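Encoded as structure tokens, the structure appears first; notes follow it.
Just so you know, all these numbers are worked out from the coordinates, no wet-lab data involved. All of these numbers come straight from a predicted model, not from anything done at the bench. Every residue, glycine among them, receives a Cβ derived from its backbone with ideal geometry; neighbour counts consider all protein chains shown.
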Amino acid sequence: MKKNRMVLTKLILFLLISLIGVYPIHADMGNEESALSLRMIAVAKASAASPSDESNQEAILQEQYAAAQASFDAQEYEKALEAFEALGEFSDSAARAADSKRKWRAASYKEAMALYDAEQYYQAKEIFESLEKYEKSKSYVYECTMKILRMEYQQAKDLYADGDYENAKILFESFGSYHDSEERVQAADDMLKAQEQAAAELNSYETALVLKEAGDLEGARDTMIEAGDCADATDQLYAIIRMMALRDIYEEAEGCLTNADYENAYDLFMALGDFEDSTEKAKIAQEAWQASVYEQATAMRSDDPNRAYICFLFLDDYKDSADIADELQAVITNLKVYNAANALEQNGNYVQAKLGFEAIPTYSNSRNRAAKLSENIREIKDFKQAAYLMAIGEEERANAALEALGDYNNASEMIVSITPKFTAKQLRDDKTSPVSPAYTAADGTKHHYQIYKGVHTWVEAKAFCEVLGGHLATVTTAEENKFVHTFMIDSGYLTAYFGLSDEERTGDWIWVTGEPFDYTNWDSGEPSRSARERYGMYFYKHTKGTWNDSHFYEYAEVDPGCSFICEWDE
């Protein structure tokens, strides 16, 4: 009875805490299950009310035993196992617990196998783990683990393929060194960075377009460069650069108009075509030009009717010019018209001179003079057009026009190498130093510098800086030389090219900006003028800050790739 009392004490805790939790009474419980739960609770209450009543102890244990057996019969082997184990040594509870355990394991194993066959590996693994060494449970735990790993690995691959790089990366990281997971983590990370870069580039692209629309072309250019590979950023960049060139010509034309240089103002506005209000401005310039000539012609009408006659011919149908020209025919002479036309030609007024000679075609050599002037006028027009095309970056068309002009005004010597078209990404990524602090020159102007590399020729380097709105650096004083050289060294470079050249190797060195070549700092024996050496640079083998001439080669011993210094002037 002592043993039974000890068992009973254990059962009180089991019945009051465990059984009520395990067998709660619900309205939807079956009659048999509900009755079983009520019996168990009644046993617990009876035990608590009179724990020392030995006459009831046997009945209580029997009741609990019956409840455990009921669970066993209902094939609820896990519940039966817990109940029989709680009974300890009462009757054959230990044996019944062992039976329940075997049954529970067998049933659980069967359930786990069914889940495994149904590819429910997470649930199957949990059951196999609870079975520990039963049958092949440990092997199936491993199999489930590998199945889950392969399944999640495929899920990670699918996430990556669908562009969900963040969650793909998280999954691949959880796999450790499994298969190529580490490489895939890096790949996902690279794609995330690429997405961030793409988002930043898109923002720059859209911002640049807004700036372009607002007329901030410098800001639009610099921001579009940051757009890199986004959409048509490179094409947009060169469209902005073209607009900047057109704007510069427009401002030049307006300056001519303000300064009463109406002829050049008219020519420039006409060349600009539909850029902004150039067509309207061309009409304004033409009208001002005509009014000016009319005023001059009117003033000369009495004192120099022959010259006035040519002016009124030039004005054609402007106001009453044609009528006045007809009236003046009564007082002019062929000789004096010829002389007036000759004077106009000498003064460079070819259009009016041509009209004067055409007015007296049979006099002397007027016809030939007029024909020659027609050719001169055409050449001047073509030369201006070539200059305009060059200014807006249409170098191929400009070169063709210059070549056609031949020796006129040394046009053929003005043919240039075609500037390479750099991508926005290259312009953004080829910088290899931060922007320098401002250098303040003696005249108060401020200058900034930055080092780049990645092009193949000095001409490309020159164009590269110009696309960025600057130019290859010019070093025109000892103070500036010290500043630029120190900046280069502080940026981690020992060698870099700047904007000094002698393309023809004649000894006539020039700066890209056309500044006077007064200050020099050649190292001893330089420039050596060796084969192909025609560009100025800092050279690490020479005295600090001195200059060397070289040929801009990519395979240098130090700083390979041809570093070059760009400069921006404020």
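Proximity of backbone amide H atoms, modeled 1.01 Å from N, is registered between Cys562 and Ala556 at under 5 Å, excluding neighbours fewer than 5 places apart on the same chain.
For a Förster distance of 30 Å, can you work out the FRET efficiency between the beta-carbons of Lys372 and Glu254, rounded to the nearest 0.05?
Working: r = 34 Å, r/R0 = 1.13.
Step by step, r from the Cβ atoms, then E = 0.30.
Taking the 0 to 90 degree range and rounding to the nearest ten, how far is the long axis of helix 350-359 tilted relative to the main principal axis of the chain, both from C-alpha atoms? Taking the Cα atoms of the chain, the angle to 350-359 is about 50 degrees.
Directionally averaged projected area (the range 248-413, Cα convex hull): 10.7 nm². The string of couplings for the range 279-287 from the Karplus curve (6.51, -1.76, 1.60, θ = phi - 60°) is 4, 5, 5, 4, 5, 4, 5, 5, 5 Hz, one whole number per residue in order, with x for Gly and Pro. Here's the picture: charge each Lys and Arg Cβ at +1 and each Asp and Glu Cβ at -1 in the range 248-413, and of Ala308, Thr333, Leu344 the one pushed furthest to the positive end of that dipole is Thr333. Using C-alpha pairs below 8 Å separated by at least 6 residues, the relative contact order for the range 179-295 is 15 percent. Here the contact order of the chain, divided by its residue count and restricted to Cα pairs under 8 Å and six or more residues apart, works out to 7 percent.
Roughly how far apart, in whole Å, are the Cα centres of the range 128-168 and the range 240-313? Centre-to-centre distance over Cα atoms comes out at 82 Å.
Within straight-line reach of Lys133, meaning a Cα separation under 29 Å, sit the following lysines at least 8 residues removed in sequence or on another chain: Lys79, Lys101, Lys103, Lys110, Lys125, Lys147.
Summarising the amide proton neighbourhood of Asp549: residues at separation of 5 or more, or on other chains, whose placed amide H is nearer than 5 Å comprise Ser528.
For the range 424-569, the dipole from Cβ point charges (+1 on Lys and Arg, -1 on Asp and Glu) about the Cα centre works out to 380 debye, to the nearest 20. The modelled label-to-label distance for the pair Ala531/Gln75, using points 7 Å beyond Cα in the direction of Cβ, is 9.8 nm. Computed from phi, the 3J(HN,Hα) profile of the range 427-435 under the Karplus parametrisation 6.51, -1.76, 1.60 (θ = phi - 60°) reads 5, 7, 8, 7, 6, 10, 8, x, 6 Hz, with x in place of Gly and Pro. In loop segments of the range 333-417 as defined by DSSP, the GluC sites (Glu not before Pro) with at most 16 further C-beta atoms inside 10 Å of their C-beta are Glu394. If Rh is defined by the Kirkwood formula over all Cα pairs and Rg also comes from Cα, what ratio Rg/Rh do you get for the range 353-441? Here Rg/Rh amounts to 1.32.
Each residue of the range 156-168 is assigned a 3J(HN,Hα), and the resulting list reads 5, 5, 5, 4, 4, 5, 7, x, 8, 5, 5, 6, 4 Hz, derived from the Karplus form 6.51 cos²θ - 1.76 cosθ + 1.60 (θ = phi - 60°), x at Gly and Pro. Normalised by 2.2 N^0.38 Å, where N is the number of residues, the C-alpha radius of gyration of the chain stands at 1.98. In the structure shown, do any of Lys281/Lys446; Lys283/Lys384; Lys354/Lys462; Lys283/Lys336 have a Cα-Cα gap over 31 Å, and if so which? Beyond 31 Å: Lys281/Lys446; Lys354/Lys462; Lys283/Lys336. Rounded, prolate or oblate: pick one for the range 424-569, where a ≥ b ≥ c are the square roots of the eigenvalues of its C-alpha gyration tensor, a/c under 1.5 means rounded, and failing that, prolate if a/b is larger than b/c, else oblate. In terms of gyration-tensor shape, rounded. Using Cα atoms only, what is the angle between the long axis of helix 478-490 and the major principal axis of the chain, expressed in degrees (0 to 90) to the nearest 10? That helix lies at roughly 20 degrees to the long axis. Computed about its Cα centre, the charge dipole of the range 248-413 is approximately 980 debye, with only Lys, Arg, Asp and Glu carrying charge at their Cβ. Expressed in Å, the radius of gyration and Dmax of the Cα atoms of the range 335-388 are 11.7, 39. Beta bridges per DSSP, both residues in the chain: antiparallel share near 90 percent.
Cα-based values for the range 66-196, radius of gyration first and Dmax second, are 22.1, 73 Å.
Over the range 424-569, calculate the relative contact order: mean separation of alpha carbon pairs under 8 Å at least 6 apart, over the residue count, as a percent.
Details: 266 pairs, mean separation 44.5, N = 146.
The value is 30 percent.
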